[in-house]
Amino acid sequence: MALIHCDFFAESLGLSTSMTVLLPQQTSTQIGLAGSTVPGDPPVLYLLHGLSDDHTIWLRRTSIERYVAPLGLAVVMPQVGRSFYTDEEHGNRYWTFLSEELPQVCRSFFRLSDRPADTFVAGLSMGGYGAVKWALRHPDRFAAVASLSGALDIAGRGPDSAHPLDARVWHTVFGDRPVRGSDDDVLHLLDSTDPARVPPLYLACGTEDFLYEDNVRFRTAARERGLPVTVDFGPGDHDWAYWDATIRDVLAWLPLSTR
């Protein structure tokens, strides 16, 4: 595969930012790694990082390049800071960057499929929240979405909750605006999105994870509304041992048309 560290200017942010990109390459003589491509423009997975991470973290903590090499799948890993993939109240427009500018920029730089059937999104923790929010707000853009240990009840992490998010992060991202019932509340989005339009969802979380109950709550709400949810709850904590194993399950689950 080709590994690209891409520095570019984001109009929606008004600043230079970065992303890490994996592009498929057909190979036959690499030792220990078989690279594949597909006819035409390759499918793409947008893979989102967590609160304490950046666009390099999936490559540094997992073997994502090795896992996707035989699939002919491109992977785009953007940088969004601690924004919760949101247009921040006292910061920058990271939701606009993610949902509008990033796909356009990527297709202008790289040869990637623009078909919803070839487009997927996944993420861990804060990135799991971002992935689900993106898919519920724009369900027609994706063929599948996966959340690993997602922060799926963000409204329940407010300043007055039993387990609040860091107050500085909350103030920067959400300020004093109400989150419950807004488009930043993925539990609310379950009620405002047509279940028939929602792409298949993979929901994974370890039973020892501090976000486990949030994931159980989201699973129950999604199933009550008839959403297509594959649930993977089992032993595991909020750590890279769990995510490195689970991303392999996600890749095997993705409905790649080339399989």
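The values are calculated or read from the model by the stated rules, or taken from the named source; none is laboratory data. Please read all numbers here as calculations on a predicted model, not as lab measurements. Quick reminder, even Gly has a Cβ in these numbers, built from the backbone with ideal geometry, and neighbours come from all protein chains shown.
Note on region 26-62: residues that are farther than 22 Å from Ser257 by Cα and not in a loop (DSSP other than H, G, I, E, B) total 6. Of the residues that sit in region 191-215 and are surrounded by fewer than 17 Cβ atoms within 10 Å (Cβ to Cβ) and of a type in the set (A, V, I, L, M, F, W, C), which one is farthest from Ala143 (Cα to Cα)? Of everything passing the filter in region 191-215, Phe210 is farthest from Ala143 (Cα to Cα). If you go through region 158-175 and keep only what is touching a residue at least 24 places away in the same chain (Cβ under 8 Å) and either assigned to a loop (DSSP other than H, G, I, E, B) or more than 25 Å from Thr62 (Cβ to Cβ) (or both), you end up with His163, His171, Thr172, Val173, Phe174, Gly175. Residues in region 6-28 that are touching a residue at least 24 places away in the same chain (Cβ under 8 Å) and touching a strand residue (DSSP E or B) at 6+ places or on another chain (Cβ under 9 Å): 16 in all. State whether one or more residues within region 52-61 are more than 17 Å from the chain's Cα centre (by Cα), surrounded by 17 or more Cβ atoms within 10 Å (Cβ to Cβ) and not β-branched (Val, Ile, Thr). No, that holds for no residue. For region 84-108, a residue qualifies if it is of a type outside the set (A, V, I, L, M), on the phi < 0 side of the Ramachandran plot and touching a helix residue (DSSP H, G or I) at 6+ places or on another chain (Cβ under 7 Å), and the qualifying residues are Thr86, Asp87, Glu88, Glu89, His90, Gly91, Ser99. Every listed requirement among (1) among the aliphatic types (A, V, I, L, M); (2) surrounded by fewer than 17 Cβ atoms within 10 Å (Cβ to Cβ); (3) touching a residue at least 60 places away in the same chain (Cβ under 8 Å) is met by Ile31 save one, (3).
The criterion of being more than 22 Å from Leu73 (Cα to Cα), touching a residue at least 12 places away in the same chain (Cβ under 8 Å) and not β-branched (Val, Ile, Thr) does not hold for Phe109. Sub-8 Å Cβ pairs linking a first residue in region 193-217 that is more than 23 Å from Phe120 (Cα to Cα) to a second residue that is among the β-branched types (Val, Ile, Thr), at least 6 apart or interchain, number zero. Looking only at residues of region 147-168 that are of a type in the set (A, V, I, L, M) and surrounded by fewer than 19 Cβ atoms within 10 Å (Cβ to Cβ), we find that the one that is modelled with the lowest pLDDT is Ala162. The residues in region 67-112 that are part of a helix (DSSP H, G or I) and either under 30 Å from Val169 (Cβ atoms) or of a type in the set (Ser, Thr, Tyr) (or both) can be counted, and the count is 15.
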